[in-house]
Amino acid sequence: MKRRSLKKITQAVTISEGAGVTVHRTIGTPALRNLDPFLLLDYFSSNNPGDYIAGFPDHPHRGFITLTYMLNGHMLHQDSMGNKGDLRSGSAQWMKAASGVIHSEMPQQSSGLMRGFQLWINLPGREKMSAPEYQDFSPNAIPIIKTKGVRVKLLSGQYHGHLGPINDPNSQVHYLDVTLEKNKLFSYTLNEHLQGFVYVFEGQAKIDDITLRQHTFAHLGDGDTVALKANDSGARFILVAGQPINEPIVQHGPFVMNTRKEIERAFADYRDGTLVRNKADFTCV
């Protein structure tokens, strides 16, 4: 077994998204444009309604998946496919935008803490114009596994005989929310072919004696085992991994395709009102 070392460390950049929501971004910045198959990682956290109350009004997507994980708060999702999701603390949402979706994500609270993650996962070219799909996962649907000093909330992947509810056959995503008590060690076996990263959002943890502080993104190197140890104050982080697609990535705003021509087509479809396709359009796909 070979422990994964650190390949690269990136600090989150604070930016404004949607109608003015403050987020901490790592993947999707000049320092890290993408990490195949991952296209974007945003962490949002604030007790100040001014940072989130405007939400994310109607906006389009094409060519990828969004995976939203709510740690705290209450947000309503609605989209052009007729889906409606009530995201509360501890829940998750998986949306395959594929050929095109227009959706909104709007806060259902005017005070208190709103906190969570949104991850964009690329789709292979053969899937980019397929039919959109959508799933919600309540807090009760997501297993929580507790061992001595370690708490793992398992959104996707396997851990100690448990299986996370989110299954993406294309990227084989593993997604763990890990909480460590002070000085506790966490170890996880991970297929060596998967691209992996860690994002620390509470406390501090170490990999190979390198300290990862809050809002630190750690790109994991080669190996088949991930090991982190919390410091004296404990730590909480997400561990995410997925199968690289190894295809060209051409991204412009909310559209991610394989070629510039496909991006231009996406903008034209959105402008012409044909981005969202009817169900009949997929009978021959």
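The values are calculated or read from the model by the stated rules, or taken from the named source; none is laboratory data. Every value quoted in this text rests on a predicted model; they were computed, and no experiment measured them. With ideal geometry, Cβ positions are generated from the backbone for all residues, glycine too; neighbour counts draw on all protein chains shown.
Looking at (1) in a loop (DSSP other than H, G, I, E, B); (2) at pLDDT 95 or above, which one does Ser110 not meet, given that it meets all the others?
Only one criterion is unmet by Ser110, namely (2).
Are any residues in region 201-216 surrounded by 22 or more Cβ atoms within 10 Å (Cβ to Cβ) and either over 21 Å from Gln11 (Cβ atoms) or in contact with a Leu (Cβ under 7 Å, 6 or more places away or on another chain) (or both), and if so, which ones?
We begin by selecting, within region 201-216, every residue surrounded by 22 or more Cβ atoms within 10 Å (Cβ to Cβ); these are 205, 212.
Selection gives Ala205 alone.
From Gly164, Gly125, which residue is modelled with pLDDT of 95 or more and more than 24 Å from His59 (Cβ to Cβ)? Explain how you work it out, then say what you get.
Working: Gly125 fails: more than 24 Å from His59 (Cβ to Cβ).
After ruling out the rest, the residue left standing is Gly164.
Counting only residues that are part of a loop (DSSP other than H, G, I, E, B) and among the aliphatic types (A, V, I, L, M), which one in region 113-150 is surrounded by the most Cβ atoms within 10 Å (Cβ to Cβ)?
Keep residues of region 113-150 that are part of a loop (DSSP other than H, G, I, E, B), which gives 113, 123-124, 128-132, 138, 142-143, 148-149.
Checking which are among the aliphatic types (A, V, I, L, M) leaves us with 113, 123, 129, 131, 142.
Working: Leu113: 14, Leu123: 26, Met129: 20, Ala131: 15, Ile142: 20.
Top of the filtered list is Leu123.
Looking at region 14-40, which of its residues are part of a loop (DSSP other than H, G, I, E, B) and of a type in the set (Val, Ile, Thr)? Let's see the steps before the verdict.
Let us first name the residues in region 14-40 that are part of a loop (DSSP other than H, G, I, E, B), namely 18-20, 26-28, 30-31, 33-34, 36-37.
Answer for region 14-40, where residues must be part of a loop (DSSP other than H, G, I, E, B) and of a type in the set (Val, Ile, Thr): Thr26, Ile27.
Can you spot a residue in region 41-52 that is in a strand (DSSP E or B), surrounded by 15 or more Cβ atoms within 10 Å (Cβ to Cβ) and among the polar types (S, T, N, Q)?
We begin by selecting, within region 41-52, every residue in a strand (DSSP E or B); these are 41-46.
Keeping just the survivors that are surrounded by 15 or more Cβ atoms within 10 Å (Cβ to Cβ) gives 41-46.
With among the polar types (S, T, N, Q) added as a condition, the list becomes 45-46.
Yes; the residues of region 41-52 include at least one that is in a strand (DSSP E or B), surrounded by 15 or more Cβ atoms within 10 Å (Cβ to Cβ) and among the polar types (S, T, N, Q).
Mind checking which residues of region 237-265 are in contact with a Lys or Arg (Cβ under 9 Å, 6 or more places away or on another chain) and assigned to a strand (DSSP E or B)?
Scanning region 237-265 gives Val250, Gln251, His252, Phe255, Val256, Met257.
Is it the case that region 161-171 has a residue that's out of contact with any Asp or Glu (no Cβ under 8 Å at 6 or more places or on another chain) and under 12 Å from Ile238 (Cα atoms)? First the steps, then the outcome.
Of the residues in region 161-171, the ones out of contact with any Asp or Glu (no Cβ under 8 Å at 6 or more places or on another chain) are 161-169, 171.
Pick out the ones that are also under 12 Å from Ile238 (Cα atoms) and you get none.
Checked against the condition, which is being out of contact with any Asp or Glu (no Cβ under 8 Å at 6 or more places or on another chain) and under 12 Å from Ile238 (Cα atoms), region 161-171 yields no hits at all.
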